[in-house]
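See structure below.
The values are calculated or read from the model by the stated rules, or taken from the named source; none is laboratory data. Keep in mind that this is a model prediction, so the values were computed, not measured. Using ideal geometry, Cβ is built from the backbone for each residue, glycine included, and neighbour counts are taken over all protein chains shown. Just so you know, the surface numbers come from the protein's heavy atoms only, side chains and all, with ligands and any DNA or RNA stripped out. Shrake-Rupley method; radii C 1.70, N 1.55, O 1.52, S 1.80 Å.
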Amino acid sequence: MQLKNSLVLLTAMTAGSAVGRMHGHERRHAHHQEHKRNVGDMVYAKIDGKIQSWVNEYSGQAATSAATTTAVSVPTVVVSSSASAAVSASATATASSSPTLSTGSCKNWHDTKENESDYLVDIFGSRTQSNMKEYIDYAGNVGSPYGSNIREVSESKACEYKHVVRIDGSEKEPWTVGFWNKMGPDGKLTGWYGNAVLTLQIHPGESKYVAFDDDTQGAWGIAKGNELPKDQYGGYACTWGEFDFSNTHNKGWSGWDVSAIQAQKANMEVQGMKICDHTGSKCSTISNFAKFMENAYSALEAGLDGIGGNSVAGPVRLQVTIDFD
Ligand SMILES: *[C@@H]1O[C@H](CO)[C@@H](O)[C@H](O)[C@H]1NC(C)=O
């Protein structure tokens, strides 16, 4: 459920967090009448006692090698257009070119199928089974091999897939977009600790398309340049686009939102991002440096549920603007 007119200046929110909380309550009530959301779960984790201790535990490990470095290379998975191809990991995000993507015959990237069983899954690996746990503990499909549930596709083939995100590049300089699953390769909430499974570089004027298999939860991070910044513990510390596509445990609903929580917690730059459906509705927005935000997560809204856009079971087409001012 969308709540309009929630545009708030970050400075105003900082001065009176009650504003933020009130908005959160409205959203929560609106949302609970409809369904459960899971996108915000990652955010919820940061204030939940149990999850917080997990974060601390993990951080202790990572700190030994990460030290105070704030920008570390993003692990890259080289994606092939064939689901059976081997997935190889690379320690550095040097590849700025995409793998050869197969072409299709989509008239518009956002076209949809009349019969849902006609969507292709050829580029994805096998699905991993949902654990059907609640909220933050929910683990959906992370792909087998790990990460094979998130694949780049060509514009002309994008309409063949059920969940597609189009990312439009900055008008000024190349940016990096890294995608990860909520659950890391270890089955825990470690996806955002350097475990990106797809990393794209998007040049000015370029648009790239990414398809997601059913029951995929995670986020993408965005940053200017060739890599995603990390916090002192190795977590991606930039603006995130969080997603939850056709959640098996939520009657197939999908959801998305923009979150600056990790960037703000790390006292690092907040990148502007706007996510809307392809018609321009159900937007979640944060501008560069968080000068304003709407229907999105800042640190003040950590733990609140129901922010962002969502849709009933079925195809999802999202259009993303990065470097949003
Ligand atoms: C959709 O496609 C499936 C598989 O081809 C078929 O069994 C089903 O009848 C179709 N449904 C409709 C409404 O056409």
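Just one of the listed residues (Tyr161, Tyr146, Tyr138) is open to solvent by 30 Å² or more (accessible area, probe 1.4 Å), in contact (Cβ under 8 Å) with a residue 24 or more places away in the chain and under 18 Å from the mean Cα position of the chain (by Cα), namely Tyr146. Hey, could you check segment 255-279 for residues that are open to solvent by less than 10 Å² (accessible area, probe 1.4 Å) and small (Gly, Ala, Ser) and say which is farthest from Ala299 (Cα to Cα)? Only one residue fits best here, namely Gly255.
Residue count for segment 200-217 under the criterion of being in contact with a strand residue (DSSP E or B) (Cβ under 6 Å, 6 or more places away or on another chain) and either assigned to a loop (DSSP other than H, G, I, E, B) or farther than 23 Å from Gly104 by Cβ (or both): the result is 1.
Can you tell me how many residues in segment 119-135 are open to solvent by 60 Å² or more (accessible area, probe 1.4 Å), within 16 Å of the ligand (Cβ to nearest atom) and under 18 Å from Ser254 (Cβ atoms)? Of the residues in that region, 1 qualify. Would a scan of segment 218-225 turn up a residue that is surrounded by fewer than 20 Cβ atoms within 10 Å (Cβ to Cβ), at pLDDT 95 or above and in contact with a strand residue (DSSP E or B) (Cβ under 9 Å, 6 or more places away or on another chain)? Taking every residue of segment 218-225 in turn, at least one turns out to be surrounded by fewer than 20 Cβ atoms within 10 Å (Cβ to Cβ), at pLDDT 95 or above and in contact with a strand residue (DSSP E or B) (Cβ under 9 Å, 6 or more places away or on another chain).
Need the failing condition index for Glu301 against (1) out of contact with any Phe, Trp or Tyr (no Cβ under 8 Å at 6 or more places or on another chain); (2) modelled with pLDDT of 95 or more, just the number. Glu301 satisfies every listed condition except (2). If only residues of segment 294-325 that are over 29 Å from Glu155 (Cα atoms) and in contact with a Ser or Thr (Cβ under 6 Å, 6 or more places away or on another chain) are counted, the one that is most open to solvent (accessible area, probe 1.4 Å) is Leu300.
Considering only residues that are free of Cβ contacts under 8 Å to residues at least 12 places away in the same chain and assigned to a loop (DSSP other than H, G, I, E, B), look in segment 109-118 and name the one that is nearest to the ligand (Cβ to nearest atom). The qualifying residue nearest to the ligand (Cβ to nearest atom) is Asn115. Does segment 280-293 hold any residues that are in contact with a strand residue (DSSP E or B) (Cβ under 7 Å, 6 or more places away or on another chain), open to solvent by 10 Å² or more (accessible area, probe 1.4 Å) and at pLDDT 95 or above, and which are they? Of everything in segment 280-293, those that are in contact with a strand residue (DSSP E or B) (Cβ under 7 Å, 6 or more places away or on another chain), open to solvent by 10 Å² or more (accessible area, probe 1.4 Å) and at pLDDT 95 or above turn out to be Lys282, Cys283. Look at (1) out of contact with any Asp or Glu (no Cβ under 9 Å at 6 or more places or on another chain); (2) under 17 Å from Gly218 (Cβ atoms) and you find that Ala302 fails only one, number (2).
Restricting attention to segment 164-188, the residues that are under 13 Å from the mean Cα position of the chain (by Cα) and within 19 Å of Thr279 (Cα to Cα) total 4.
Restrict the check to segment 189-211 and report whether at least one residue is of a type in the set (Asp, Glu), at pLDDT 95 or above, over 22 Å from Tyr161 (Cα atoms) and surrounded by fewer than 24 Cβ atoms within 10 Å (Cβ to Cβ). No, segment 189-211 contains no residue that is of a type in the set (Asp, Glu), at pLDDT 95 or above, over 22 Å from Tyr161 (Cα atoms) and surrounded by fewer than 24 Cβ atoms within 10 Å (Cβ to Cβ).
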